[in-house]
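The values are calculated or read from the model by the stated rules, or taken from the named source; none is laboratory data. Bear in mind that the values here come from a model prediction, so they are computed numbers and not experimental data. Cβ atoms come from the backbone with ideal geometry, glycine included; neighbour counts cover every protein chain shown. When the accessible area is computed, the model is the full protein with side chains, heavy atoms only, and any ligands, DNA or RNA have been set aside. Shrake-Rupley method; radii C 1.70, N 1.55, O 1.52, S 1.80 Å.
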Amino acid sequence: METVNSTIICTSPPLNTHKSVWQHGNPLSSPTPLIFLQVSIITIVTQFLDICLRPLGQTSLVSYILGGLVFGPSVLGHKETLTKFLFPMKGSLTLNTVATFFLGFFYFICCVKMDTATMLKTEKQAITIGLSVFLFTFIIPLGIAFALISFVAMDKSLIEALPLIAISQSLTVFISISVLLTELKILNTNVGRLALSSAMFTDVFSFSITVFIFAVLQVKTSNKSMLTLVWILLSIGGLIVFIIYVMRPVMKWYIARLNGKPVGELCVVSILLCVLFAEFLSEFIGQHYVMGTIFFGLAVPEGPPLASTLISKMETLTCGFMYPIYLAVSGLQTDIFKISIHTTWIITVVVMVSFFVKIVAVMLPGYYYNVPMRDCFVIGLLLNGRGIAELALYNVWKEGKQLTGQQFSLLVLTLLLINAIIAPLVKFVFNPSGQYRAGKRCSILHMKRDSELRVMGCFYKNESSPTMFNIIEASCASIESNVTVIALLLVEILGRSRPLLVAHQPHDTLRTTRCYSSPLDKALKQYTQLNEGCGHEESFTSVSDFDTIHEDICRISLDRIANILIMPFHKKWEIDGTVVVNNRAIQTINIKVLEGAPCSVGILIDRAILSGSPSLILGKSAYYVAVIFIGGPDDSEALAYASRMVRHECVNVSIIRFLIFGEENSKDRKRDSDLISEYRYYNNGNRRFEISEEVVKDGLEFSSIIRRIIDFFDLVIVGRSHSQSVLLHGLDQWSECPELGVIGDMLASPDFVTKASLLVVQQQIMGGRFAKHSVMPSPRDQAAVRDVSMDDSTIPSCSISVGKSDI
């Protein structure tokens, strides 16, 4: 059994000045240089451990707590020499105060990211799972704790602490789950969204329980009457009313006065002072200071301009520097040598029961809602995640004598072990990229001739790309072969932590919202009006971190069964010919989409502003398209798309095939020749379709021919990948954009002067390998034009024309 001891430290007041090593003194005798050294060493060690453990699938929380354990009494601190030199007892108060100060601002930024509007609109599925998780993990572990108290011998401190420990296991804190999902990079998946929504709803109960426990403990420790508890709860309500109806309206009034101007420095400083004031009021009424921080952070109006400015100015400091310090200090206070076996097995039983009960509590409503059991298991694992909120709670209970040093150390270790198990297990069980792999062929090459063509286009900054809509119009919507445009607007998340994916027309699973007037919406309406009855549109918006937004792109393309997904390029051409980087993150998005898309992918380099290319939607001017054909699956996909475009009365298509001198008898050339011959046969008599061949010896001759002819066209389509060829020798040495392939990178380079836009195409990848391109049958066999995996019955019937749209 553990005996609670108190240690009284008597030190002389620190001097304002200290002696340096040149004065034969000890600089660490002063708290100022001591705290500098402590914070620096803790930061270096925690970051080093994070680098080492990251390849093993561990999250930063595990690394940061281990960084504190290294210097604590559990490892190096067990020797008194290091403790007296680096972490003396007289310096612990200063270090703990700094860590506590850091914690408040970390909570504030996390709460600013939370979107209170979405908290109130949580889906029924997430509400049911969240309620189930809270009730089961509150009742069963608490019952187990009381049963152990009744039938197992234990000391008085454990009898008092065990119910609190059981209640703490029922907590599912949104901040902890959000950090875990972000580090695992599954925030944008269906599983991640459902887990986060469930945690957000459960956290309402968890936070309420925590506040009530604090109030009860305050009354108990001060031996006050129950009337005092009523006054405490009323004061908490008064603080909430003051923040919501005084502080929040002031912030909204300031935002209204900005009129589009950036948030000033004085405003940011005032907000930080309000954070400290809210913390003071929370402590003043007897609650933990983070309660005031949480309520004030939630009261900050979400999104731009205020919340996004605060996040941009404070996120790196709070999440990258302050967050690790608090975790490390908690590890620093953990002493495994105080833990007894008897206490260990009792607390372990409660913790493990809570762990498995939480998983079952997710599976029960998941079974009712037909959620796959594997997804329920993963959600259960994620909701078992622990984080800084639980550590802060343990620290408060330790300081309030509700937990002994032994119990605190044991809870920190269980938190550490559970997180160390969850992260690798989730990565092993759940592969987010695998869920977007199509089991059927969805490329243009393998679709039936008269089946519906589904083109998905991604747009950035709500801009309407002229070339994108020219390509959509050139896809030739007709009564026999409809065209459905699936538009996805990409919006980088600002001032919130929960990503959003919404549909702007009725959808089975996604939230539906109206879309306000914008250039993109007007262009979609115009397209469907001019192609009434055969042209349809579906629009979506993804508000997410660009590091994981590719998950939404792949999800929509799979859900809507797109044949080709067209992505924007990360560079933009200005009217004077200069090239600017629109957003470097788009390049990374394109690379990830190419790796995981369930359909063919095109990357569009739009130079329409240079040439003033005609609009196929507004006018009937001739539009010239060229296909650079060398061979391979990607070039075959480009050829198939161009063959579709030539059906449009205004589109002229030129197939320019490059042949390598001396390789007349190769099998690849014969297969490509058969494919081109059949496209020539099919378009026989169509004067707007022509095929020319160029025999070249090397890459220099190849590039010179392209330079000579490229400006005759409005759009050039080229395949992304090609087999090893002498035509590419030397061209790949200066590749700047690998997502475009060798030829695409050459044509998209600012050094390659041209006004033609470029579409780089990659054929759908099946199971990690390209689908083999088949030979196009003759017109007599068009009824069975290819061995396709989808027919008209598999196309969703919810394509909505603009007349019925919700935009």
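Looking at segment 635-696, the pairs of alpha carbons with a distance over 20 Å make up 27% of the total.
When the alpha-carbon atoms of segment 329-385 are used, the pair Rg, Dmax equals 16.1, 47 angstrom. Does segment 634-765 come out rounded, prolate or oblate, given a ≥ b ≥ c as the square roots of the eigenvalues of its C-alpha gyration tensor, rounded meaning a/c under 1.5 and, failing that, prolate meaning a/b above b/c? Note, shape of segment 634-765 comes out oblate. The Cα atoms of segment 250-370 define a convex hull whose projected area, averaged across directions, is 13.1 nm².
If I compute solvent accessible area with a 1.4 Å probe over the protein chains, what percent of it on segment 191-347 is carbon and sulfur?
Whole-percent figure for carbon plus sulfur exposure: 72.
Computed over protein heavy atoms with a 1.4 Å probe, the accessible surface of segment 250-404 works out to 43 Å² per residue. When the C-alpha to C-alpha distance is required to be over 30 Å, the pairs from Lys358/Lys427; Lys252/Lys398; Lys185/Lys525; Lys113/Lys440; Lys358/Lys592 that qualify are Lys252/Lys398; Lys185/Lys525; Lys113/Lys440; Lys358/Lys592. Sorting the Cα pairs of segment 541-593 by distance into bins of 10 Å, from 0 upward, gives 23, 46, 24, 8, 0 percent per bin. In segment 558-639, the ratio of gyration radius to Kirkwood radius, Rg to Rh, stands at 1.00 when only Cα atoms are counted. Spin-label model, Leu234 to Lys461: label points 7 Å out along the Cα-to-beta-carbon direction sit 5.6 nm apart.
Rolled with a 1.4 Å probe across the full set of protein chains, the surface gives Tyr107 an accessible area near 10 Å².
Think of a 1.4 Å ball rolled over the protein heavy atoms: segment 559-643 then has 29 Å² of accessible area per residue. Put simply, segment 352-505 fits an ellipsoid with semi-axes of 49, 21, 13 Å; these come from the alpha carbon gyration tensor as the roots of five times its eigenvalues, largest first.
Given a cut-off of under 8 Å on Cα pairs at least six residues apart, what relative contact order in percent is computed for segment 282-386? All intermediate terms of the calculation are to be shown ahead of the outcome.
Details: 33 pairs, mean separation 13.8, N = 105.
Relative contact order, segment 282-386: 13 percent.
Averaging the sequence gap over all C-alpha pairs within less than 8 Å and six or more residues apart, then dividing by the number of residues, gives segment 58-212 a relative contact order of 27 percent.
Checking the cross-link filter: which lysines have an alpha carbon closer than 19 Å to that of Lys697, excluding same-chain neighbours under 8 positions apart? Qualifying lysines at Cα under 19 Å: Lys667, Lys670.
Ranking of Trp397, Trp345 by solvent-accessible surface, largest first: Trp345, Trp397 (1.4 Å probe, protein heavy atoms only, all chains present). Per-residue SASA remark: Phe661, around 130 Å² accessible (1.4 Å probe; ligands, DNA and RNA not included). Sequence-ordered 3J(HN,Hα) estimates for segment 645-659 from the Karplus curve with 6.51, -1.76 and 1.60 and θ = phi - 60° stand at 5, 5, 5, 5, 5, 9, 9, 10, 10, 10, 9, 10, 9, 9, 10 Hz, glycine and proline given as x. Surface listing: Val695, Val350 arranged by accessible area from highest to lowest gives Val695, Val350, probe 1.4 Å.
Leaving out ligands, DNA and RNA, and with a 1.4 Å probe, what % of the accessible surface on segment 630-696 is carbon or sulfur?
On the way: 1360 of 3080 Å².
With neighbouring chains kept in place, the figure for segment 630-696 is 44 percent.
Rolling a 1.4 Å probe across all protein chains gives Phe136 an accessible area of roughly 80 Å². Counting only protein heavy atoms and a 1.4 Å probe, segment 102-242 has 40 square angstrom of accessible area per residue.
The listed residues Arg647, Arg657, once ranked by accessible area (1.4 Å probe) with the largest placed first, stand as Arg647, Arg657.
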